[in-house]
1. Do any strands (runs of 3 or more DSSP E) entirely within region 65-171 hold 1 or more residues that are under 18 Å from PRO15 (Cβ atoms) and aromatic (Phe, Trp, Tyr), and if so, which?
2. Quick test for you: out of ILE53, ILE3, pick the one residue that is part of a strand (DSSP E or B), within 18 Å of the chain's Cα centre (by Cα) and surrounded by 13 or more Cβ atoms within 10 Å (Cβ to Cβ).
3. Being loosely packed, with under 15 Cβ neighbours inside 10 Å, of a type outside the set (Asp, Glu) and in contact (Cβ under 8 Å) with a residue 12 or more places away in the chain narrows it down to one residue among HIS77, HIS37; which is it?
4. Quick test for you: out of ASP12, ASP89, ASP45, pick the one residue that is modelled with pLDDT of 95 or more, more than 14 Å from VAL121 (Cβ to Cβ) and of a type in the set (Asp, Glu).
5. I'd like to know if region 9-31 contains one or more residues that are in a loop (DSSP other than H, G, I, E, B), surrounded by 15 or more Cβ atoms within 10 Å (Cβ to Cβ) and among the β-branched types (Val, Ile, Thr).
6. Does PHE103 qualify as being over 18 Å from the mean Cα position of the chain (by Cα), surrounded by 13 or more Cβ atoms within 10 Å (Cβ to Cβ) and within 30 Å of GLY147 (Cα to Cα)?
Amino acid sequence: MQIEAVNVLEGDFAPYGRVYDMKSAEPSKDPATRTIHSQGSGWEDTYTANPLIGSNGSLGFTLGSACPFHSAKMERHLLTEEALFCAADPIVLAVAAPTAEDFPSAENIRAFVIEPSTVVVLNKGTWHDACHGVDREARYYWMATCGLGASPWVEVEGGPVLVTAPERAHG
């Protein structure tokens, strides 16, 4: 099975979590993703109106290989949300909606491109793979409450799924 990632701002991410567009000066219509924007001489600033995740979180920094990649295992966090955001380059995130089963299914996996200045926050229980760079390896940050018990990586039923990124214009 093969899927192509779509831009998180153009795709429907609601079953998996919420999206913050940190570069927009226009406030979000959704109070849950509202941002505050200000600017002055030589600077511009945007921050989330509410805490990013619903608990105190640790900050992590991960290096992911380039697309395409095989999503063969996923994890989920039942007791914490997880925020993901780029360090510099766009990343691809493969996800599957929360399930009652102890594994995700290949047919439920979707993939999203997260651009710099965009933040996603995964709902508790959302299955997810590590992020990967769109066209080269890429570093990204994550924020979640750590130490809440085991978060085992499990095989994707019917997987693996080959995840590709859309062609990007280089110029």
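The values are calculated or read from the model by the stated rules, or taken from the named source; none is laboratory data. Bear in mind that the values here come from a model prediction, so they are computed numbers and not experimental data. Positions of Cβ are backbone-derived with ideal geometry, glycine not excepted, and every protein chain shown enters the neighbour counts.
1. Numbers: elements: 69-71, 82-86, 91-96, 110-114, 118-122, 138-144, 161-164.
By residue number, 110-114.
2. Numbers: ILE53 fails: part of a strand (DSSP E or B).
Result of the check over ILE53, ILE3: ILE3.
3. Details: HIS77 fails: loosely packed, with under 15 Cβ neighbours inside 10 Å.
From the options HIS77, HIS37, the qualifying one is HIS37.
4. Details: ASP12 fails: modelled with pLDDT of 95 or more; ASP45 fails: modelled with pLDDT of 95 or more.
Matching residue, one of ASP12, ASP89, ASP45: ASP89.
5. Scanning region 9-31 turns up no residue that is in a loop (DSSP other than H, G, I, E, B), surrounded by 15 or more Cβ atoms within 10 Å (Cβ to Cβ) and among the β-branched types (Val, Ile, Thr).
6. Details: over 18 Å from the mean Cα position of the chain (by Cα): yes; surrounded by 13 or more Cβ atoms within 10 Å (Cβ to Cβ): yes; within 30 Å of GLY147 (Cα to Cα): yes.
Spelling it out, PHE103 is indeed over 18 Å from the mean Cα position of the chain (by Cα), surrounded by 13 or more Cβ atoms within 10 Å (Cβ to Cβ) and within 30 Å of GLY147 (Cα to Cα).
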